[in-house]
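Take a look at the structure below.
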Amino acid sequence: MKPLQYSPVSLAVATLLMAANTAQAADGSASARVGDLQYGNALDPGGFGAALMQRDLLGYSLLRAGVSRTPTGDLYTAPSPVPEDQGLGDWRYTNGLELGYITQTGDKDAQFFRQYSDWQNGFALSLAWLDMWKPETGDYLEARASYLSEDDNFLRLRVGRYGDFRVEAFYRNMPHTLTTTAFPLWEGIGSDTLTLPANLTPGNSTPADVKAASDAAARTTLRVTRTRAGVSLEGDMGRGFIGYGALTNEQRNGTRLWGGPFFFNYPFVNNGGVMETVRPIDFSTTDVSAGLRRAGKVWRFNTVYSGSFFRNRKTTFTYENPFVIAPVTGTPAAGILTEGQFSLDPNNDAHNLRVELGRTLPQRGDLSLTAALGTMRQNDPIGLNLNCAAPGQVGISGMPFVVNCADWNTPASLSRSTAQARIDTLLLDAKLSFHPTNTFGWHLELRRYDEDNKLRYQAFNPLTGDYGYITLNGSMGTVVPGEMGLFNPNNPAYWSYPAKIGSFPVGYTDTTAELGGDLQMGYRNTLNVTYTFRRYEPDFREVEYTNEHRIQIALTSRQFAGGTLRASYDYATRNGGDYNYFPYASFYAQSLPGFVMPDTANGEASLFAFTTDAMRKFDLSDRDQHKFRLIYTLPVGEATTLSATAHGQYNSYDTQIGRKGDNATGLTLAWDYQPMPRLTLNASASAAFSKMRWANVADNEGLVASDPGNADPTFGGPKYPLANVWNESDRERSLNANLQFTYQWSRTKLDGGYNLNDSRGRLRYDYASISAISATQQAFAATISQFPDTRYRTHSFDLGITQTLSKQWSARLFGRYEHGKFADWHYTGFDTALAYDHRVYTDRGPATDYDAGLVGLMFRYVP
Amino acid sequence: MRLCFFRRRGTDARPIRRVSALLALALLASHAHLAQAAAPAPTIDLPATNMSGDTSVYREISADLARLAASLPGDGGVAENPGAPGATPIGTATCSACHTQEQLLYSHTTHARAFAAGSGGASAVGSCESCHGPGSLHAGSPTTKGAIISFTHEGGTPVQTQTQACMGCHTGGARQHWLSSVHETRGLSCSDCHNPMARGSPEGLMAKRSINETCAGCHQDVRAKFNRRSHMPLPEGQMSCADCHNPHGSVTKPLLKTDTANGTCYGCHAERRGPMLFEHPPVRENCMNCHDPHGSNQQTLLAAPVPMLCQQCHTAVRHPNDLQTPAGLANGGAPDERLISRACLSCHTTIHGSNNAAGAKFHR
């Protein structure tokens, strides 16, 4: 290795260059790019080969023992020996690889064992790397690669010259196993068309037939793989400007669980249809960015354009329905409902241009200005109401609610053919800070973010003159008379139906003003006080605005026993404008000319009150919040760090109906012990508790034809009586314990770890009277108790021994054992059947009790 | 790969570099003995390790360097240390006489290689003091705190001095919003997260083995969340905290890299971006109305079990506002699709938005 040498000439030239050339150190994090900063896998999460790496037993310094600490007091990670580099012409390089064999044991298909880890029996490349550089010029090349499986691997290549430019290219596959216990009823999984097996008839199979087919369905795994590739570059463009850009593409392929609605089954035995289907994932997303920045001693400048282009190769998804959908009237259906359809995620484009400007000011001041303009656009064809073929019909025979497929299965039936959806965004941010004295500083920040939704869509069929849409693949109007979902001012059958006839153009403006001060109290203590005002103005929501006032007090102290304490407390109160429990009237047929109020005197059902007037949605309701966070890091002697983190957040909402409160409290204790570079021991334990409370009130459905009772939103009134109120809470407790150790002899290293996760969720409810309970479940009220707890508990053990075999070779034998238990009432009963009357499900749920493990032998070769 | 705007050092024709070279020559001409020292054998004899406190031996070497530094505009390549106003540079070779192991570990880092190549105007001989400030007082009295810019615990250097030393080169870019960011106001130093003295992580010269481990040093509660039933793939090494957050500051309170929380989510979940023909307001406004992005005890990062999560807002007439009981479970007395498996999402499947004319309530 070439030693660094003292050279006055180089010093002189270099320092002059530094003074004259303001080009700043390059890094890849200036852009707004999300993702691809981490390359690792479950075998080596850090992506650094740390497991097979020996420790440098000399530590960080010959002048003192032990490991250095951060300014806060944490111990740095014990260093690894500097690899011996080799020469190749003017270049120096180090390289190596870690390759071996892995075999699994036990319930290796348990979902939680392989959620993001595509373990395979066979050879695995944990890491291969090449690190080359040219000392005289600063040119470098870095390559890293890993391969656990076809769906779990990465390759990254970087070339550049320090301070001048860098080009990076990567290719990676990232696995996500969604379930390993799927038993789909249909054929064609992974395609955009699911068909029933031959022994089932679309729209005409009995529940027994469906159950038999479901019982016979084969087990399969549903997963998604993200294949990402990209290139990025940045370089010195002269005069201190650095240009940078990136191009990334992701192909996301696989399958995931999906729905399939053909109206309720719960109130209608042997009717309706509810399906858990499997949809395809076949996405391509291309992201581009390009920017320019410059940072001088006074001014800082950055501008970046980001574009994202999402493409879905399967924007329509069709599935066959096995169930008979029949009118409750006992009369025949106008048509057999054999297929359902979804419009899947439409293609979309997004653009964002950000400009940032900063300037150093007197009194250690700084001004930072940011403006960003963005737009999100989508103009895919609008999916059709029905996909049944002409001359078919949907509805109830002999009744005035029958629709012709030909009137609804064509683009001509739409008010326009494409979505023409667009949201424009604007961000403005200005921050001013000064430190007029060494002990006092203040800052002021103003921020405004606006989303302007340009979409205006009215659901109108020019072929029929109907407003609204066909509900639930036509099933709702097939089962219940008058529930097709349509309004027509010229058709007496439809002119009183409160159909939803438009989409909400969701948008908002978020404005924040913050004033803060920092007071240095002696050398070791800093007090921060910040006041923040936030005004949130949503479009077409229950309130026109909310105002939040927040005061935060924070203390950073290095006063106590050489430790560092960071503590903060927030109090925030939020209130808003008058609450309108039903702000969506303009998007319903009632707002259209020609709407005729129901003739309740002649037995027509009156318009219902959409919800009770006591309802407050939690994101907009009045709220008080208390929040605290404590982080204390305490060095003990030369080798130990103790740290504790405590946090709490307590929200109470001023409401009788809706979310009433939520809180979370947690405590973590950690111990880091590094008495010498050869020994490290880390342990931590955490406990987190949370509780969420809410209330609701079941409406009195018996008033459906009552006027004005059915239209009365009064909480405690006839429609929403106090007797129907219910309260519920979800308490969660999560425990985590972790222990890691490493001990190294001269040629042998032993490492291991244990990790415990134990989460429990407890749902509890109470109710004013039995009428709060869903009508079909009331008969069981006397016998039912509370929901069983949800549970997720895993014990995971890791043990490895690494032996240096020669100067070039080392070997590592390692094992992992995981034991898990899981319970979730959503899947209760699925161990015996996935089909219940007119419902059929696909996912049996994660394994309730599993033991899985793997053993591997890896070799590390460093020439 | 060669790009047109990347010019090789030495063949650089940019005026700014020509000026630099001319200035360097002029200065060198005025310091004759330095120019002589620039002859083919650039190294000088190292002094013996001196713990006596007598700095005269170093001053002899550093006097010319000090004059040179004083004659330069700006920082002159040596970080300013207000804690040692009289200190003068002594050069890396002098530092290495004592700090042998540090030098060895450091030699493998990005900084060392960049300095060695003179990248960005740095130099090998100035590299220690480029960050630690002039070393003469420290060399004379190594145990005096603050005599040199120290980046470690109880090193005697205020955090602000530490960060300014780093910002001497690393200003702007990702650190555009460092000032008044939560990490700045909480008194974090760059070296709380980074360790420039050894390469202990694949990139970023992190204080721990990875970005995630480094963040977890303080954010232990967040790390614990990543162990929950549904989580982002951080423990599996597929993601880092810095994929979503910029710890150096941003225009959002949670230090997100994009304008909004949703903008960050769309970075990977572009299919959710739309805009859709029919939008679900809480989805469009903030993904975190329903999801906890770090980890959850529910499926798909949900903040509460379904259908109860939905029932906190959906109190509307008919089916949404009924109390659900275990009788509605699949093996209960009255199975109810509103409760089983995906619950509400069995029917309101396109809850993130629909592009179908019949998708007003996210059924299609």
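The values are calculated or read from the model by the stated rules, or taken from the named source; none is laboratory data. In this text, all values refer to a predicted model and were calculated from it rather than measured experimentally. We place every Cβ from the backbone using ideal geometry, glycine too, and count neighbours over all the protein chains shown. Heads up: the accessible areas ignore ligands, DNA and RNA and are worked out on the full protein's heavy atoms, side chains in. Shrake-Rupley method; radii C 1.70, N 1.55, O 1.52, S 1.80 Å.
Counting only alpha carbon atoms, the long axis of helix A:8-20 and the longest principal axis of chain A meet at about 30°.
Using a simple spin-label model with pseudo-atoms 7 Å out from Cα toward Cβ, residue A:412 and residue A:705 lie 4.0 nm apart.
Of the peptides A:235-241, A:657-663, B:82-88, how do they stack up when ordered by the mean number of other Cβ atoms within 10 Å, highest first?
Values: A:235-241: 19.1, A:657-663: 21.4, B:82-88: 17.4.
For the peptides A:235-241, A:657-663, B:82-88, the packing ranking is A:657-663, A:235-241, B:82-88.
Above 49 Å, the calculated P(r) of the protein assembly as shown contains 34 percent of its Cα-Cα pairs. Taking K and R as +1 and D and E as -1, what net charge do the other residues with C-beta under 12 Å from the C-beta of residue A:413 add up to? Computed value for this residue: -1.
Across the protein chains, with a 1.4 Å probe defining accessible surface, the residues A:356, A:136 rank A:136, A:356 from largest area downward.
Compute for chains B and A the buried accessible surface, both sides summed, probe 1.4 Å, and express it in Å² to the nearest 100.
That pair hides around 20000 Å² of surface in total.
Taking the chain by itself as reference, the range A:351-377 contains these residues with an accessible-area loss of 50 Å² or more in the full protein complex (1.4 Å probe, heavy atoms): A:354, A:364, A:376.
Please list B:194, B:108 from largest to smallest accessible area, probe radius 1.4 Å, with all protein chains kept in place.
Details: B:194 55, B:108 20 Å².
In descending accessible area the options line up as B:194, B:108.
Our estimate of slack between residue A:136 and residue A:58, defined as 0.36 nm per intervening residue step minus the Cα-Cα distance, is 25.2 nm. Extension gain, residue A:241-residue A:580: 0.36 nm per intervening residue step, less the Cα-Cα distance, totals 116.8 nm. Taking every residue in A:656-667 and counting other chain Cβ atoms within 10 Å of its Cβ, the average works out to 2.
Rounded to whole numbers, the Karplus 3J(HN,Hα) couplings from phi for the range B:111-116 are 4, 4, 5, 5, 5, 4 Hz, using 6.51 cos²θ - 1.76 cosθ + 1.60 with θ = phi - 60°, and x at Gly and Pro. Our note on the geometry: Cα centres of the range A:810-856 and the range A:149-214, 18 Å apart.
Pairs from the list A:454/B:361; A:617/B:257; A:314/A:500; B:225/B:257 with a Cα-Cα gap above 25 Å: A:617/B:257; A:314/A:500. Partners of residue B:208 within straight-line reach, counting aspartates and glutamates whose Cα lies under 16 Å from its Cα and excluding those fewer than 8 residues away in the same chain: A:44, A:56, A:74, A:672, B:192.
Counting only other residues whose beta carbon sits under 9 Å from that of residue A:793, what net charge do I get with K and R as +1, D and E as -1? Each step should come with its number before you reach the end.
Values: positive: A:760, A:791, A:821; negative: A:758.
Taking every Cβ under 9 Å from that of residue A:793, the sum is +2.
Using only alpha carbon pairs under 8 Å that are at least six residues apart, calculate the relative contact order of the range A:406-457 and give it in whole percent. Present the calculation step by step, with values, prior to reporting the outcome.
Working: 58 pairs, mean separation 20.3, N = 52.
Taking the mean separation of contacting Cα pairs over the length of the range A:406-457, I get 39 percent.
Label sites at residue A:379 and residue A:689, each approximated as a point 7 angstrom past Cα along Cα to Cβ, lie 5.7 nm apart. Across peptide A:108-115, the average count of Cβ atoms from other chains found within 10 Å of a residue's Cβ is 1.
Relative contact order, percent, of the range B:271-346 when contacts are C-alpha pairs under 8 Å separated by at least 6 residues? If you can, show how the numbers build up before the last one.
Numbers: 60 pairs, mean separation 12.5, N = 76.
Relative contact order here is 16 percent.
Inter-chain Cβ neighbour count for A:154-167, averaged per residue, equals 4 (cutoff 10 Å, partner chain atoms only). Its Cα gyration tensor gives the range B:173-243 an equivalent ellipsoid. The semi-axes, each the square root of 5 times an eigenvalue, are 22, 16, 11 Å from largest down.
Kindly state, to the nearest 0.05, the FRET efficiency for residue A:493 paired with residue A:786, given R0 = 60 Å and r defined as their beta-carbon distance. Result of the calculation: an efficiency of 0.85.
On the principal axes of its alpha-carbon atoms, the range B:271-346 has extents of 41, 30, 20 Å, going from largest to smallest.
Extension gain for residue A:793 to residue A:390 (0.36 nm times residue separation, less C-alpha to C-alpha distance): 139.7 nm.
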